[in-house]
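The values are calculated or read from the model by the stated rules, or taken from the named source; none is laboratory data. Treat the numbers as computed from the prediction; the structure is a model and nothing was measured. Note that each Cβ is placed from the backbone with ideal geometry, even for glycine, and that neighbours are counted across all protein chains shown.
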Amino acid sequence: MYDVIIIGKGPAGLSAALYTVRFNLKTLIIGGNDSKLFKADKIDNYLGFSETISGSYLLTEGEKQVKRLGAEVVDDEVISIEKDDHFSVATVKTQYSAKALLLATGAPSKTIRIENLVKLEGKGVSYCSTCDGFFYNNLKVGVLGNKDYAISEAIELLRFTKDLTIYTNGKQLEMSSKYEDEAKQFRVETRQISKLDGSEFLERIFFADGTSEQIDGVFVAYESASSIDFARKLGILTQGNTVVTDQNQQTNLPGLFAAGDCASGFKQISVAVGQGALAGKAIADYVKSLK
């Protein structure tokens, strides 16, 4: 069993590992090289580099550093987390257990390739039901997504209109048990979407089979952070797409911490590194308290 498993090897996860290994905790980091930062070509807003660096350089050097200090790093994908007297982490390849867990997967944005989606942003396409739902009182509205977040956005929109459809864009609707009953109240359209259209504002949604239907607004609700999926299943408090933590990055579940973009509104490398350091120290204190 590990003392701590860190999910995500971005700046928050690697920073936390620097501290957990220095406190002699058996540390495992699970993640891949598919983050937005890893793909960033130029970074000039992180202290300590006189010349522009790339995201891949920063993360590769950080991984080398934590390995040198004693952390174990594996390239794998976490598919589920369970909590009893310890944390059980199932990946595509195997299963691990730990006394403490840090969610540091970032907040990846998923690209949705639908014609005119970007063009109609602010003209019928929105990303925030709380911000823009009021403008669609009693109108025909769709939510674009196929997971819990899409259902939660649809529920939020019920305050403004009852004419709601969840568009999964060719995928099956996937949800946790929390939303099984509530999802039944919505029409679900699983056909793939080819484009959105309208002369000035959004007017119609077209499907790959050539048919179309009238629509007044579409709210994009593709899940932006896998940490949110894990948090919801574990009963962790969330706010929008952010995991709620205290000042030491501890969630409401003892032993579970979150840091970086999944737990911050200001998504910057320096913020992620700082939160990782706070989490690393707090995790060490938590594990020590178990002995």
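If only residues of the stretch 240-266 that are β-branched (Val, Ile, Thr) and surrounded by fewer than 24 Cβ atoms within 10 Å (Cβ to Cβ) are counted, the one that is nearest to THR20 (Cα to Cα) is THR251.
Taken over the stretch 26-62, the residue count meeting the criterion of being closer than 18 Å to GLY8 by Cα and either within 20 Å of the chain's Cα centre (by Cα) or loosely packed, with under 11 Cβ neighbours inside 10 Å (or both) is 14.
When we screen LEU144, LEU117, LEU139 for residues that are modelled with pLDDT of 85 or more and under 17 Å from the mean Cα position of the chain (by Cα), the only hit is LEU144.
Taken over the stretch 124-178, the criterion of being buried (at least 20 other Cβ atoms within 10 Å of the Cβ), aromatic (Phe, Trp, Tyr) and in a helix (DSSP H, G or I) is satisfied by TYR136, TYR149. Of the residues making up the stretch 83-97, those that are surrounded by 14 or more Cβ atoms within 10 Å (Cβ to Cβ) and at pLDDT 90 or above are LYS83, HIS86, PHE87, SER88, VAL89, TYR96, SER97.
Go through (1) closer than 22 Å to TYR19 by Cβ; (2) at pLDDT 90 or above; (3) out of contact with any helix residue (DSSP H, G or I) (no Cβ under 7 Å at 6 or more places or on another chain) for SER35 and report which single condition fails. Only one criterion in (1) closer than 22 Å to TYR19 by Cβ; (2) at pLDDT 90 or above; (3) out of contact with any helix residue (DSSP H, G or I) (no Cβ under 7 Å at 6 or more places or on another chain) is unmet by SER35, namely (2).
Of all residues in the stretch 124-172, those satisfying the criterion of being of a type in the set (A, V, I, L, M), over 17 Å from GLU213 (Cα atoms) and in contact with a helix residue (DSSP H, G or I) (Cβ under 7 Å, 6 or more places away or on another chain) are ILE151, ILE155, LEU157.
Here PHE201 clears all of (1) aromatic (Phe, Trp, Tyr); (2) closer than 15 Å to GLY142 by Cα; (3) surrounded by 15 or more Cβ atoms within 10 Å (Cβ to Cβ) except the condition numbered (3).
Across the stretch 63-79, the qualifying residues are those that are acidic (Asp, Glu) and assigned to a strand (DSSP E or B), and the one among them that is surrounded by the fewest Cβ atoms within 10 Å (Cβ to Cβ) is ASP75.
Residue by residue, here is whether (1) in a loop (DSSP other than H, G, I, E, B); (2) closer than 24 Å to THR238 by Cα holds:
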residue: ILE6; (1), (2): no, yes
residue: LYS9; (1), (2): yes, yes
residue: SER56; (1), (2): no, no
residue: ILE81; (1), (2): no, yes
residue: ALA90; (1), (2): no, yes
residue: LEU102; (1), (2): no, yes
residue: GLY106; (1), (2): yes, yes
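Scanning the stretch 53-82 for residues that are modelled with pLDDT of 90 or more and of a type in the set (Ser, Thr, Tyr) yields SER54, SER56, TYR57, THR60.
Yes/no per residue for (1) without any contact (Cβ under 8 Å) to a residue 60 or more places away in the chain; (2) touching a Phe, Trp or Tyr at 6+ places or on another chain (Cβ under 9 Å); (3) assigned by TED's automatic domain parsing to the domain that holds THR242; (4) within 17 Å of TYR19 (Cβ to Cβ):
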residue	(1), (2), (3), (4)
ASN45	no, no, yes, no
THR52	yes, no, yes, no
GLU63	yes, no, yes, yes
LYS93	yes, no, yes, no
ALA98	no, yes, yes, yes
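Residues in the stretch 192-223 that are among the hydroxyl-bearing types (Ser, Thr, Tyr) and touching a residue at least 60 places away in the same chain (Cβ under 8 Å): SER194, TYR222. The set of residues from the stretch 11-32 being part of a loop (DSSP other than H, G, I, E, B) and modelled with pLDDT of 95 or more comprises PHE23, ASN24, LEU25, LYS26. Exactly one residue out of ALA208, ALA183, ALA154 is of a type in the set (A, V, I, L, M) and over 24 Å from the mean Cα position of the chain (by Cα), and it is ALA208.
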